[in-house]
């Protein structure tokens, strides 16, 4: 084990399969709707969309913030969404998944239920996930952003200044930075 490696995978690690966790966060209540699927293709995503459609009252619009994964843009997904005007997809920019609050929830479930787990079958982590979700939803509350927009822009300006010297203008005008 090298310097800085607190934990790792042993030489005899055996992967006993994997699951894909789909999650929809109700930002008003903090409740999470989840479903584990064997793969992350458009078919599975459509199945999850149908579950959301059943779970959310028909009188409400559904705004989904998703990444730019091809599954979310598949022709069959677009056709399904086009037939349901209450569904609205919003795509996060590349490398901006932190903008999506459900990513914070993924961090919680990773820290509190999955990380360092040893599972002999795919059914075990799925059961652990379902157990976590059940208990989480009993006491859920909305996530609250603690950073202000100004503090985020100030950090961005400092970062850009350090890596490229571009941050000569006021931080509000910064749109893009890259190292030279």
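No lab work stands behind these numbers, since they all come straight from the coordinates. This one's a predicted model, so the numbers in the text were calculated from it and none came from an experiment. Here the Cβ is made from the backbone with ideal geometry for all residues, glycine too, and neighbour counts use every protein chain on show.
Restricting the calculation to Cα atoms, region 20-138 yields a radius of gyration followed by a Dmax of 14.7, 43 Å.
Please give the peptides 35-42, 73-80 ranked by average Cβ packing (other Cβ atoms within 10 Å per residue), highest first, as a rough proxy for protection.
Result, highest mean Cβ count within 10 Å first: 35-42, 73-80.
With Cα atoms defining each centre, region 96-155 and region 25-48 are spaced 13 Å apart in the structure. When the alpha carbon coordinates of region 98-156 are projected onto the principal axes, the ranges are 47, 25, 14 Å, largest first.
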